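Below is one structure, written out as structure tokens; the observations come after it.
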Amino acid sequence: MIRSPFSTSRLLTSVLAIAILAGCSTKVTRVSHDSTIDITGKWNDTDSRLTAEEMVKDAVGGGWYAKYAASKTTPTVVVGEIRNKSHEHISTETFINDIQRALINSGKVDFVANKAERGQIRDEKADQASNASVGTRQDAGEESGAKLMMIGELNSIVDQEGGKAVVFYQVNLELVEIETHKKLWIGDKKIKKFVERSETKF
């Protein structure tokens, strides 16, 4: 049987398409959630988690804590705004959650909901006031006020030449006494990465 040029062309196109699809197959490997994997050199989940854990450990180990320990009171902390001033789009919400988790796990402070979370809880209290039984409703005006607020920012510097770059991150956090505005602790964490890639844009 003699194939027409048109049929042969279609056959070659189909074979080529199958080969391309086979070459573009995706492989997924499950890894530990706390494993360190750097693909692009950008800020990642490992940077967020380790920075939060290290800085919170330093914060609650500061000299200011002795005052509360001596009076046998547990300081109540809330995390305020962590501003992203780096060159990347970074989810500060994830970093804030890592800070909150590290603070709670330290066992040295009490922790209260942040501004956005308090709004949701107050809405629930208002709903309960109208709909829940007297014995089960949670009353307004009984919130625990925070004594301290942790605030900070994330900065970065990129030094690039061709396909090579040094990416530097610095996280600055402060623990501030809400009533007096006194800064009880100031900490920083520095991360430097050397990145090589064929692309020239970082």
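The values are calculated or read from the model by the stated rules, or taken from the named source; none is laboratory data. From a predicted model like this one, the values you see are computed outputs, not experimental measurements. Cβ coordinates were reconstructed from backbone atoms using ideal geometry, including for glycine residues, and neighbour counts include every protein chain displayed.
Please go through (1) of a type in the set (A, V, I, L, M); (2) loosely packed, with under 14 Cβ neighbours inside 10 Å; (3) assigned to a helix (DSSP H, G or I) for residue 37 and return the number of the only condition it doesn't satisfy. The number of the failed condition is (3). Restricted to the range 75-101, and to residues there that are among the polar types (S, T, N, Q) and touching a strand residue (DSSP E or B) at 6+ places or on another chain (Cβ under 8 Å), the residue that is farthest from residue 144 (Cα to Cα) is 86.
Is it the case that the range 159-174 has a residue that's assigned to a loop (DSSP other than H, G, I, E, B), at pLDDT below 90 and exposed (fewer than 13 other Cβ atoms within 10 Å of the Cβ)? Yes: one or more hits. Residues of the range 119-158 that are among the charged types (D, E, K, R) and either loosely packed, with under 12 Cβ neighbours inside 10 Å or over 23 Å from residue 175 (Cα atoms) (or both): 122, 123, 124, 125, 127, 137, 139, 142.
Being within 19 Å of the chain's Cα centre (by Cα) and within 19 Å of residue 63 (Cα to Cα) is a condition met by at least one residue of the range 151-160.
Name the residues in the range 162-189 that are within 18 Å of the chain's Cα centre (by Cα) and hydroxyl-bearing (Ser, Thr, Tyr), would you? Of everything in the range 162-189, just one residue is within 18 Å of the chain's Cα centre (by Cα) and hydroxyl-bearing (Ser, Thr, Tyr), namely 169.
As a summary of the residue check, residue 44 satisfies the conditions (1) modelled with pLDDT of 85 or more; (2) out of contact with any strand residue (DSSP E or B) (no Cβ under 6 Å at 6 or more places or on another chain); (3) farther than 20 Å from residue 92 by Cβ except for the one numbered (3). Check whether at least one residue in the range 140-152 is more than 28 Å from residue 181 (Cβ to Cβ), without any contact (Cβ under 8 Å) to a residue 40 or more places away in the chain and not in a helix (DSSP H, G or I), and report yes or no. No, that holds for no residue.
Condition check ((1) within 30 Å of residue 194 (Cα to Cα); (2) more than 21 Å from the chain's Cα centre (by Cα); (3) part of a helix (DSSP H, G or I)) across all residues:
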{"residue": "55", "(1), (2), (3)": "yes, no, yes"}
{"residue": "74", "(1), (2), (3)": "no, yes, no"}
{"residue": "83", "(1), (2), (3)": "yes, no, no"}
{"residue": "118", "(1), (2), (3)": "no, no, yes"}
{"residue": "130", "(1), (2), (3)": "no, yes, yes"}
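Condition check for residue 66 on (1) at pLDDT 75 or above; (2) surrounded by 10 or more Cβ atoms within 10 Å (Cβ to Cβ); (3) in a helix (DSSP H, G or I); (4) not basic (Lys, Arg): one failure, at (2).
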